[in-house]
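First the structure, in the form of C-alpha coordinates, and then the observations on it.
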Amino acid sequence: MKKTQSTCNYCALACNLDFYTENEEIVKIIPTPGYPVNDGFSCIKGLRLNRQHQEFKPDPRPRIKQEDGSFTYVTWEDGLKDTAARLKEIRAKYGPESIAGISTGQLTMEEMALFGHVMRTYLKGNVDGNTRLCMATSVVAHKQAFGFDAPPYTLKDVELSDTIILIGANPVVAHPVFWGRIRANKIAGKKVIAIDPRMSETAKKADIHYKLKAKADLKLMYILANLLIEKGWLDEKYIEAHTQKFAEYQAFLKDYPLSRANETGLTEGDIEELAQLIHAGKNVSFWWTMGVNQGYEAVRTAQAIINLALMTGNMGRPGTGANSLTGQCNAMGSRLFSNTTGLYGGGEYDNQTRREIVGTALGIEPSWLPEKPTLPYNVIIEKINAGEIKALWVAATNPIHSWTNSDTFKEAMSKLEFSFVKL
(Lines give C-alpha, C1' and ligand atoms only; values in the text may rest on other atoms or scores of the structure.)
Protein backbone atom coordinates (compact mmCIF):
# COMPACT_ATOMS: atom_id res chain seq x y z
CA MET A 1 0.00 0.00 0.00
CA LYS A 2 1.05 3.57 -0.64
CA LYS A 3 1.04 5.96 2.35
CA THR A 4 0.27 9.67 1.85
CA GLN A 5 0.29 12.14 4.73
CA SER A 6 -2.28 14.90 4.30
CA THR A 7 -4.59 17.25 6.17
CA CYS A 8 -8.13 16.56 7.30
CA ASN A 9 -10.46 19.05 5.59
CA TYR A 10 -13.29 19.18 8.11
CA CYS A 11 -12.69 21.63 10.98
CA ALA A 12 -10.11 24.33 11.63
CA LEU A 13 -7.59 22.25 13.57
CA ALA A 14 -6.03 20.77 10.40
CA CYS A 15 -5.19 17.38 11.90
CA ASN A 16 -2.85 15.26 9.81
CA LEU A 17 -3.82 11.79 8.64
CA ASP A 18 -1.96 8.99 6.89
CA PHE A 19 -3.95 7.70 3.91
CA TYR A 20 -3.12 4.17 2.80
CA THR A 21 -4.16 3.55 -0.80
CA GLU A 22 -4.20 0.57 -3.11
CA ASN A 23 -5.50 0.53 -6.70
CA GLU A 24 -6.61 4.16 -6.27
CA GLU A 25 -8.80 3.22 -3.30
CA ILE A 26 -8.32 4.44 0.29
CA VAL A 27 -7.87 1.22 2.24
CA LYS A 28 -7.38 2.74 5.69
CA ILE A 29 -6.81 6.05 7.46
CA ILE A 30 -4.53 6.40 10.48
CA PRO A 31 -4.01 9.69 12.39
CA THR A 32 -0.40 10.75 11.91
CA PRO A 33 1.70 9.85 14.98
CA GLY A 34 3.85 12.69 16.28
CA TYR A 35 2.07 15.42 14.32
CA PRO A 36 1.89 18.46 16.65
CA VAL A 37 -1.83 19.09 16.22
CA ASN A 38 -3.38 15.67 16.78
CA ASP A 39 -0.46 13.31 17.53
CA GLY A 40 -2.01 10.04 16.42
CA PHE A 41 -5.59 10.93 17.37
CA SER A 42 -8.59 11.85 15.23
CA CYS A 43 -12.31 12.22 15.58
CA ILE A 44 -14.72 10.01 13.64
CA LYS A 45 -15.09 12.60 10.88
CA GLY A 46 -11.45 12.36 9.91
CA LEU A 47 -11.38 8.58 10.18
CA ARG A 48 -14.26 8.31 7.71
CA LEU A 49 -12.83 10.64 5.07
CA ASN A 50 -12.62 7.70 2.68
CA ARG A 51 -16.42 7.96 2.35
CA GLN A 52 -16.10 11.57 1.21
CA HIS A 53 -13.33 10.88 -1.27
CA GLN A 54 -14.49 7.60 -2.80
CA GLU A 55 -18.26 7.77 -3.18
CA PHE A 56 -18.09 9.97 -6.29
CA LYS A 57 -15.26 9.93 -8.83
CA PRO A 58 -15.82 12.44 -11.64
CA ASP A 59 -13.84 12.56 -14.85
CA PRO A 60 -10.73 14.62 -13.98
CA ARG A 61 -10.73 16.52 -17.28
CA PRO A 62 -12.21 20.03 -17.59
CA ARG A 63 -15.60 20.24 -19.25
CA ILE A 64 -17.16 23.17 -21.08
CA LYS A 65 -20.88 23.82 -21.28
CA GLN A 66 -22.32 23.99 -24.78
CA GLU A 67 -25.19 26.16 -26.03
CA ASP A 68 -27.65 23.28 -25.76
CA GLY A 69 -26.74 22.77 -22.07
CA SER A 70 -24.62 19.67 -22.58
CA PHE A 71 -20.97 19.44 -21.54
CA THR A 72 -17.93 18.59 -23.63
CA TYR A 73 -14.73 17.31 -22.03
CA VAL A 74 -11.51 18.98 -23.19
CA THR A 75 -7.81 18.72 -22.38
CA TRP A 76 -6.41 20.77 -19.52
CA GLU A 77 -4.40 22.87 -21.96
CA ASP A 78 -7.45 23.74 -24.03
CA GLY A 79 -9.56 24.37 -20.91
CA LEU A 80 -7.02 26.74 -19.40
CA LYS A 81 -6.49 28.60 -22.67
CA ASP A 82 -10.24 29.06 -23.13
CA THR A 83 -10.68 30.31 -19.55
CA ALA A 84 -7.79 32.77 -19.78
CA ALA A 85 -9.03 34.11 -23.10
CA ARG A 86 -12.57 34.64 -21.79
CA LEU A 87 -11.33 36.45 -18.67
CA LYS A 88 -9.05 38.74 -20.69
CA GLU A 89 -11.88 39.48 -23.11
CA ILE A 90 -14.30 40.44 -20.33
CA ARG A 91 -11.67 42.55 -18.55
CA ALA A 92 -10.89 44.41 -21.78
CA LYS A 93 -14.58 45.01 -22.50
CA TYR A 94 -15.89 45.93 -19.04
CA GLY A 95 -12.84 46.66 -16.88
CA PRO A 96 -11.20 44.72 -14.02
CA GLU A 97 -14.06 45.34 -11.59
CA SER A 98 -16.27 43.16 -13.80
CA ILE A 99 -14.40 40.01 -12.66
CA ALA A 100 -14.84 38.33 -9.26
CA GLY A 101 -14.02 35.13 -7.46
CA ILE A 102 -15.37 33.22 -4.46
CA SER A 103 -12.94 30.98 -2.60
CA THR A 104 -13.03 28.80 0.50
CA GLY A 105 -11.11 27.72 3.57
CA GLN A 106 -10.82 24.27 1.95
CA LEU A 107 -7.99 25.36 -0.35
CA THR A 108 -4.38 24.79 0.62
CA MET A 109 -2.23 27.77 1.53
CA GLU A 110 -0.36 27.64 -1.77
CA GLU A 111 -3.58 27.46 -3.79
CA MET A 112 -5.05 30.29 -1.74
CA ALA A 113 -2.04 32.55 -2.35
CA LEU A 114 -2.03 31.83 -6.10
CA PHE A 115 -5.78 32.36 -6.35
CA GLY A 116 -5.50 35.74 -4.68
CA HIS A 117 -2.42 36.65 -6.72
CA VAL A 118 -4.12 35.92 -10.06
CA MET A 119 -7.45 37.51 -9.15
CA ARG A 120 -6.28 40.57 -7.23
CA THR A 121 -2.75 41.34 -8.40
CA TYR A 122 -2.99 40.40 -12.07
CA LEU A 123 -6.66 40.69 -13.05
CA LYS A 124 -7.37 43.45 -10.48
CA GLY A 125 -10.74 41.86 -9.80
CA ASN A 126 -12.55 41.11 -6.57
CA VAL A 127 -12.29 37.89 -4.58
CA ASP A 128 -13.78 36.88 -1.27
CA GLY A 129 -14.12 33.59 0.57
CA ASN A 130 -16.98 31.69 2.13
CA THR A 131 -15.07 32.27 5.36
CA ARG A 132 -16.78 35.67 5.16
CA LEU A 133 -19.93 33.84 6.24
CA CYS A 134 -18.39 32.59 9.47
CA MET A 135 -15.28 34.59 10.41
CA ALA A 136 -15.59 38.14 9.09
CA THR A 137 -16.67 39.46 12.49
CA SER A 138 -13.68 37.88 14.20
CA VAL A 139 -11.40 39.31 11.51
CA VAL A 140 -12.60 42.84 12.21
CA ALA A 141 -12.36 42.35 15.98
CA HIS A 142 -8.78 41.13 15.74
CA LYS A 143 -7.74 43.88 13.34
CA GLN A 144 -9.26 46.61 15.49
CA ALA A 145 -7.86 45.18 18.71
CA PHE A 146 -4.36 44.16 17.59
CA GLY A 147 -3.83 45.89 14.26
CA PHE A 148 -3.68 42.56 12.44
CA ASP A 149 -5.86 39.52 12.00
CA ALA A 150 -4.32 36.60 13.86
CA PRO A 151 -5.62 34.84 16.99
CA PRO A 152 -2.75 34.92 19.51
CA TYR A 153 -2.58 31.31 20.68
CA THR A 154 -1.45 27.76 20.04
CA LEU A 155 -3.47 24.65 20.85
CA LYS A 156 -0.98 23.89 23.61
CA ASP A 157 -2.31 26.89 25.55
CA VAL A 158 -5.52 25.06 26.45
CA GLU A 159 -3.43 22.37 28.18
CA LEU A 160 -1.66 25.06 30.24
CA SER A 161 -4.69 27.08 31.29
CA ASP A 162 -6.20 26.67 34.77
CA THR A 163 -9.40 28.52 33.80
CA ILE A 164 -10.84 27.68 30.39
CA ILE A 165 -13.83 29.79 29.33
CA LEU A 166 -15.74 28.59 26.25
CA ILE A 167 -18.16 31.15 24.80
CA GLY A 168 -20.61 30.09 22.10
CA ALA A 169 -18.42 27.08 21.39
CA ASN A 170 -19.18 23.37 21.36
CA PRO A 171 -15.80 21.65 20.84
CA VAL A 172 -17.06 18.26 22.03
CA VAL A 173 -18.84 18.03 18.67
CA ALA A 174 -17.26 20.69 16.45
CA HIS A 175 -13.58 20.38 17.47
CA PRO A 176 -13.19 16.99 19.16
CA VAL A 177 -9.38 17.00 19.01
CA PHE A 178 -9.37 20.38 20.76
CA TRP A 179 -11.69 18.94 23.41
CA GLY A 180 -9.20 16.11 23.74
CA ARG A 181 -6.56 18.67 24.64
CA ILE A 182 -8.84 20.13 27.29
CA ARG A 183 -9.22 16.65 28.74
CA ALA A 184 -5.43 16.25 28.59
CA ASN A 185 -5.03 19.31 30.83
CA LYS A 186 -3.75 17.91 34.13
CA ILE A 187 -3.59 21.15 36.09
CA ALA A 188 -4.97 20.53 39.57
CA GLY A 189 -8.27 22.29 40.16
CA LYS A 190 -8.67 23.55 36.61
CA LYS A 191 -12.12 24.86 35.69
CA VAL A 192 -13.89 24.44 32.37
CA ILE A 193 -16.60 27.08 32.01
CA ALA A 194 -19.23 27.13 29.25
CA ILE A 195 -21.16 30.31 28.43
CA ASP A 196 -23.96 29.33 26.06
CA PRO A 197 -27.76 29.69 25.85
CA ARG A 198 -27.92 26.03 24.84
CA MET A 199 -27.39 22.95 26.95
CA SER A 200 -24.81 21.77 24.43
CA GLU A 201 -22.67 18.65 24.71
CA THR A 202 -19.84 20.87 25.93
CA ALA A 203 -22.06 22.62 28.48
CA LYS A 204 -23.04 19.22 29.88
CA LYS A 205 -19.40 18.27 30.37
CA ALA A 206 -18.20 21.64 31.70
CA ASP A 207 -17.59 22.26 35.40
CA ILE A 208 -19.85 25.33 35.25
CA HIS A 209 -22.48 26.29 32.66
CA TYR A 210 -23.77 29.86 32.52
CA LYS A 211 -26.98 29.64 30.51
CA LEU A 212 -27.34 33.24 29.44
CA LYS A 213 -30.20 34.68 27.41
CA ALA A 214 -29.85 34.61 23.61
CA LYS A 215 -28.35 37.84 22.21
CA ALA A 216 -27.11 38.82 25.69
CA ASP A 217 -23.42 37.94 25.17
CA LEU A 218 -22.26 41.52 24.70
CA LYS A 219 -24.14 42.85 27.74
CA LEU A 220 -22.65 40.06 29.83
CA MET A 221 -19.10 40.90 28.73
CA TYR A 222 -19.62 44.61 29.49
CA ILE A 223 -21.19 43.95 32.90
CA LEU A 224 -18.40 41.52 33.72
CA ALA A 225 -15.70 43.99 32.66
CA ASN A 226 -17.28 46.77 34.71
CA LEU A 227 -17.45 44.49 37.75
CA LEU A 228 -13.77 43.54 37.41
CA ILE A 229 -12.93 47.24 37.35
CA GLU A 230 -15.05 47.98 40.42
CA LYS A 231 -13.40 45.11 42.28
CA GLY A 232 -9.94 46.26 41.25
CA TRP A 233 -9.26 42.85 39.73
CA LEU A 234 -7.09 44.21 36.93
CA ASP A 235 -3.48 43.92 35.80
CA GLU A 236 -2.59 47.61 35.95
CA LYS A 237 0.99 47.07 34.77
CA TYR A 238 -0.15 45.15 31.71
CA ILE A 239 -2.81 47.74 30.89
CA GLU A 240 -0.25 50.54 31.14
CA ALA A 241 2.37 48.77 29.07
CA HIS A 242 0.29 47.11 26.36
CA THR A 243 -3.08 48.83 25.87
CA GLN A 244 -4.51 52.13 24.72
CA LYS A 245 -7.61 54.13 25.66
CA PHE A 246 -8.45 52.04 28.71
CA ALA A 247 -9.77 55.13 30.54
CA GLU A 248 -12.30 55.69 27.75
CA TYR A 249 -13.40 52.06 27.91
CA GLN A 250 -13.72 52.28 31.68
CA ALA A 251 -15.99 55.32 31.36
CA PHE A 252 -18.10 53.56 28.72
CA LEU A 253 -18.60 50.52 30.97
CA LYS A 254 -20.20 52.57 33.74
CA ASP A 255 -23.49 52.19 31.86
CA TYR A 256 -23.33 48.44 32.56
CA PRO A 257 -23.60 48.02 36.34
CA LEU A 258 -24.17 44.63 37.96
CA SER A 259 -27.78 45.62 38.55
CA ARG A 260 -28.41 44.97 34.84
CA ALA A 261 -27.64 41.27 35.32
CA ASN A 262 -31.28 40.32 34.77
CA GLU A 263 -30.95 41.48 31.14
CA THR A 264 -28.52 38.63 30.50
CA GLY A 265 -30.63 35.83 31.92
CA LEU A 266 -28.06 35.34 34.70
CA THR A 267 -28.22 36.47 38.32
CA GLU A 268 -25.93 38.98 39.96
CA GLY A 269 -24.46 36.06 41.89
CA ASP A 270 -23.67 34.22 38.66
CA ILE A 271 -21.72 37.16 37.25
CA GLU A 272 -19.94 37.78 40.54
CA GLU A 273 -18.93 34.11 40.59
CA LEU A 274 -17.60 34.33 37.03
CA ALA A 275 -15.60 37.46 37.85
CA GLN A 276 -14.14 35.72 40.90
CA LEU A 277 -13.11 32.73 38.78
CA ILE A 278 -11.31 35.01 36.31
CA HIS A 279 -9.60 36.88 39.14
CA ALA A 280 -8.53 33.68 40.89
CA GLY A 281 -7.16 32.07 37.74
CA LYS A 282 -3.43 32.29 37.20
CA ASN A 283 -3.67 31.52 33.48
CA VAL A 284 -7.11 32.25 32.07
CA SER A 285 -7.99 31.53 28.44
CA PHE A 286 -11.11 32.62 26.56
CA TRP A 287 -12.25 30.60 23.53
CA TRP A 288 -15.11 31.42 21.20
CA THR A 289 -16.40 30.29 17.85
CA MET A 290 -19.58 30.52 15.76
CA GLY A 291 -21.90 31.22 18.67
CA VAL A 292 -20.14 34.58 18.86
CA ASN A 293 -18.92 35.07 15.28
CA GLN A 294 -22.36 34.51 13.76
CA GLY A 295 -24.19 36.04 16.67
CA TYR A 296 -25.82 39.34 17.52
CA GLU A 297 -23.36 42.31 17.53
CA ALA A 298 -20.59 39.81 16.89
CA VAL A 299 -17.68 42.20 16.27
CA ARG A 300 -18.26 44.04 19.53
CA THR A 301 -18.76 40.78 21.42
CA ALA A 302 -15.43 39.41 20.17
CA GLN A 303 -13.75 42.71 21.05
CA ALA A 304 -15.27 42.64 24.54
CA ILE A 305 -13.84 39.14 25.08
CA ILE A 306 -10.43 40.34 23.89
CA ASN A 307 -10.70 43.30 26.27
CA LEU A 308 -11.37 40.97 29.23
CA ALA A 309 -8.13 39.16 28.48
CA LEU A 310 -6.19 42.40 28.08
CA MET A 311 -7.44 44.14 31.21
CA THR A 312 -6.71 41.10 33.38
CA GLY A 313 -3.28 40.51 31.84
CA ASN A 314 -4.28 37.16 30.39
CA MET A 315 -2.47 37.67 27.12
CA GLY A 316 0.97 36.75 25.84
CA ARG A 317 1.70 34.05 28.41
CA PRO A 318 1.32 30.27 28.05
CA GLY A 319 -2.22 29.19 28.87
CA THR A 320 -3.83 32.58 28.27
CA GLY A 321 -5.37 34.57 25.43
CA ALA A 322 -8.60 35.62 23.76
CA ASN A 323 -8.76 32.91 21.17
CA SER A 324 -11.18 32.37 18.28
CA LEU A 325 -11.66 28.85 16.93
CA THR A 326 -12.76 28.78 13.33
CA GLY A 327 -14.59 26.27 11.19
CA GLN A 328 -12.53 25.38 8.11
CA CYS A 329 -9.12 23.80 7.83
CA ASN A 330 -7.57 26.83 6.12
CA ALA A 331 -9.80 29.73 7.10
CA MET A 332 -6.69 31.68 8.14
CA GLY A 333 -5.27 31.13 4.65
CA SER A 334 -8.43 32.62 3.21
CA ARG A 335 -8.08 35.58 5.54
CA LEU A 336 -4.33 36.21 5.33
CA PHE A 337 -3.19 34.93 1.96
CA SER A 338 -6.05 35.34 -0.50
CA ASN A 339 -5.39 39.08 -0.73
CA THR A 340 -8.96 39.64 0.43
CA THR A 341 -8.89 41.97 3.43
CA GLY A 342 -5.22 42.94 3.40
CA LEU A 343 -1.87 42.34 1.77
CA TYR A 344 -0.27 38.90 1.78
CA GLY A 345 0.80 37.94 5.28
CA GLY A 346 -0.95 40.96 6.80
CA GLY A 347 -0.74 44.71 6.32
CA GLU A 348 -3.05 47.42 5.06
CA TYR A 349 -3.23 48.31 1.39
CA ASP A 350 -2.28 51.94 2.02
CA ASN A 351 0.84 51.09 4.08
CA GLN A 352 3.63 51.97 1.65
CA THR A 353 6.36 50.30 3.69
CA ARG A 354 4.39 47.07 3.84
CA ARG A 355 3.61 47.27 0.11
CA GLU A 356 7.32 47.45 -0.67
CA ILE A 357 8.09 44.48 1.60
CA VAL A 358 5.36 42.36 -0.02
CA GLY A 359 6.35 43.45 -3.54
CA THR A 360 9.97 42.49 -2.88
CA ALA A 361 8.92 39.10 -1.50
CA LEU A 362 6.77 38.41 -4.58
CA GLY A 363 9.32 39.81 -7.02
CA ILE A 364 6.92 42.43 -8.41
CA GLU A 365 6.56 46.20 -8.40
CA PRO A 366 4.51 47.40 -5.38
CA SER A 367 2.29 49.31 -7.82
CA TRP A 368 0.95 45.95 -9.04
CA LEU A 369 -0.58 45.21 -5.65
CA PRO A 370 -4.25 46.02 -4.99
CA GLU A 371 -4.89 49.43 -3.51
CA LYS A 372 -8.11 48.69 -1.64
CA PRO A 373 -9.96 45.80 0.04
CA THR A 374 -11.97 43.49 -2.16
CA LEU A 375 -15.74 43.54 -2.32
CA PRO A 376 -17.32 41.23 0.29
CA TYR A 377 -19.14 38.05 -0.74
CA ASN A 378 -22.66 39.51 -0.52
CA VAL A 379 -21.76 42.59 -2.56
CA ILE A 380 -20.19 40.42 -5.27
CA ILE A 381 -23.54 38.63 -5.65
CA GLU A 382 -25.45 41.93 -5.57
CA LYS A 383 -23.23 43.39 -8.30
CA ILE A 384 -23.69 40.31 -10.47
CA ASN A 385 -27.45 40.72 -10.22
CA ALA A 386 -27.07 44.44 -10.94
CA GLY A 387 -25.17 43.63 -14.14
CA GLU A 388 -21.84 45.11 -13.00
CA ILE A 389 -19.89 41.86 -12.53
CA LYS A 390 -19.80 39.70 -15.66
CA ALA A 391 -17.41 36.83 -14.81
CA LEU A 392 -17.15 34.65 -11.70
CA TRP A 393 -14.56 32.07 -10.63
CA VAL A 394 -15.82 29.72 -7.89
CA ALA A 395 -13.02 27.76 -6.18
CA ALA A 396 -13.73 24.71 -4.00
CA THR A 397 -17.06 25.89 -2.61
CA ASN A 398 -20.76 25.48 -3.42
CA PRO A 399 -22.57 28.82 -3.02
CA ILE A 400 -25.96 27.51 -4.17
CA HIS A 401 -25.86 25.33 -1.07
CA SER A 402 -23.95 27.56 1.37
CA TRP A 403 -25.09 31.11 0.53
CA THR A 404 -27.76 32.40 2.89
CA ASN A 405 -30.22 33.04 0.05
CA SER A 406 -29.77 30.43 -2.65
CA ASP A 407 -32.37 32.06 -4.91
CA THR A 408 -30.28 35.23 -5.27
CA PHE A 409 -27.24 33.18 -6.19
CA LYS A 410 -29.17 31.12 -8.74
CA GLU A 411 -30.33 34.40 -10.26
CA ALA A 412 -26.75 35.65 -10.33
CA MET A 413 -25.52 32.54 -12.14
CA SER A 414 -28.08 33.09 -14.88
CA LYS A 415 -26.86 36.67 -15.45
CA LEU A 416 -23.13 35.99 -15.79
CA GLU A 417 -21.47 36.09 -19.19
CA PHE A 418 -18.84 33.62 -18.01
CA SER A 419 -18.50 31.41 -14.95
CA PHE A 420 -16.20 28.54 -14.10
CA VAL A 421 -15.90 26.24 -11.12
CA LYS A 422 -12.88 24.52 -9.64
CA LEU A 423 -13.86 21.69 -7.26
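The values are calculated or read from the model by the stated rules, or taken from the named source; none is laboratory data. The model shown is predicted, which means the values in this text are computed figures rather than measured ones. Cβ: placed from backbone, ideal geometry, glycine included. Neighbour counts: every protein chain shown. In case anyone asks, the SASA skips ligands and DNA or RNA and just uses the protein heavy atoms, side chains included. Shrake-Rupley method; radii C 1.70, N 1.55, O 1.52, S 1.80 Å.
State the three equivalent ellipsoid semi-axes of segment 1-59, derived from the C-alpha gyration tensor as the square roots of 5 times its eigenvalues, in descending order and whole Å. All intermediate terms of the calculation are to be shown ahead of the outcome.
Values: eigenvalues 79, 36, 15 Å².
Values for segment 1-59, descending: 20, 13, 9 Å.
For the chain, adding -39500 (n - 2.57) for each run of n ≥ 4 DSSP H residues and dividing by the number of residues yields -11500 deg cm²/dmol at 222 nm.
Want the number for residue 65 to residue 233: 0.36 nm per residue separation, take away the alpha-carbon distance, what's left?
Values: separation 168, 0.36 × 168 = 60.48 nm, distance 6.50 nm.
Roughly 54.0 nm would be gained on extension.
Charged side chains reduced to their Cβ positions (Lys and Arg at +1, Asp and Glu at -1) give the chain a dipole of some 480 debye around its Cα centre.
Just the number, please: carbon plus sulfur as a percent of the accessible area of the chain, 1.4 Å probe, no ligands or DNA/RNA counted. List each step's numbers first, then the result.
Values: 11010 of 20930 Å².
Using a 1.4 Å probe with all protein chains present, the chain comes out at 53 percent carbon and sulfur.
Normalised by 2.2 N^0.38 Å, where N counts its residues, the alpha-carbon radius of gyration of segment 107-208 equals 1.40. Using C-alpha pairs below 8 Å separated by at least 6 residues, the relative contact order for segment 276-331 is 47 percent. Could you name the lysines in cross-link range of residue 211, using Cα to Cα under 19 Å and dropping any fewer than eight places away on the same chain? Answer for residue 211, where 19 Å is the Cα cut-off: 191, 219, listed by chain and number.
With protein chains left intact and a 1.4 Å probe, residues in the chain average 49 Å² of accessible area per residue. Ranking 192, 27 from most to least accessible surface, computed with a 1.4 Å probe over the protein chains only, gives 27, 192.
As a quick test, which of the pairs 143/205; 88/410; 215/245; 81/390 have an alpha carbon distance above 30 angstrom in this structure? Write down the numbers at each step before the final one.
Values: 143/205 33 Å; 88/410 25 Å; 215/245 27 Å; 81/390 19 Å.
The answer is 143/205.
All C-alpha to C-alpha distances of segment 215-322, sorted into 10 Å bins beginning at zero, yield P(r) values of 15, 49, 34, 2 percent in whole numbers.
For the residue pairs 65/415; 93/415; 186/237; 65/93; 124/383, the alpha carbons lie more than 18 Å apart in 186/237; 65/93.
Out of every Cα-Cα pair that segment 342-423 contains, those further apart than 19 angstrom amount to 51 percent. With the cut-off at under 19 Å, measuring from each backbone N in segment 73-108 to a point 7 Å along the Cα-to-Cβ line of residue 364 picks out 84-92, 95-104, 108. Between the alpha-carbon centers of segment 350-391 and segment 68-111, tell me the distance in whole angstrom. About 17 Å separates the Cα centre of segment 350-391 from the one of segment 68-111.
Once you have the Cα-Cα distance between residue 296 and residue 82, take 0.36 nm times their residue separation minus that, and quote the gain in nm to one decimal.
Values: separation 214, 0.36 × 214 = 77.04 nm, distance 4.47 nm.
Computed gain between residue 296 and residue 82 is 72.6 nm.
Can you tell me which of 287-298, 359-370 comes out highest on packing, and rank the rest after it, using the mean Cβ neighbours within 10 Å?
Numbers: 287-298: 21.4, 359-370: 13.8.
Result, highest mean Cβ count within 10 Å first: 287-298, 359-370.
How big is D for segment 1-151, in µm² s⁻¹ as a whole number, if Stokes-Einstein is applied with the Kirkwood radius of its Cα pairs at 25 °C and 0.890 mPa s? Spell out each step's value before the answer.
Details: Rh = 19.0 Å.
Estimated diffusion coefficient is 129 µm²/s.
The Cα atoms of segment 171-211 cover 28, 22, 11 Å along the three principal axes, with the biggest extent listed first.
Just in segment 329-423: which GluC sites (Glu not before Pro) are loop by DSSP and have at most 10 other Cβ atoms within 10 Å? It would help to have the intermediate numbers written out before the result.
On the way: sites: 348, 356, 371, 382, 388, 411, 417; in loops: 348, 371, 388, 417.
When the GluC sites (Glu not before Pro) of segment 329-423 are filtered for loop state and at most 10 Cβ neighbours within 10 Å, 371 remain.
For the chain, the normalised intensity computed at q = 0.06, 0.11, 0.14 Å⁻¹ comes to -0.30, -0.95, -1.32 (log10 of I(q)/I(0), Debye sum over alpha carbons, equal scatterers, no solvent). Per-residue SASA remark: residue 340, around 10 Å² accessible (1.4 Å probe; ligands, DNA and RNA not included). Computed over the chain, relative contact order equals 21 percent, with contacts defined as Cα pairs under 8 Å that lie 6+ residues apart. Spread over its residues, the convex hull of the C-alpha atoms of segment 32-82 is 148 Å³ per residue.
In terms of Cα to Cα distance under 14 Å, which aspartates and glutamates are near enough to residue 3, apart from those fewer than 8 places away along the same chain? Candidates past the 8-residue exclusion: 18, 22, 24, 25.
Contact order, relative form, for segment 81-158: 25 percent (alpha carbon pairs under 8 Å, 6 or more residues apart, mean separation divided by residue count). Considering segment 284-348 at the alpha-carbon level, its Rg and Dmax are found to be 13.3, 34 Å.
Take each peptide in 169-176, 237-244, count the other Cβ atoms within 10 Å of every residue, and average; sorted highest first, the result is 169-176, 237-244.
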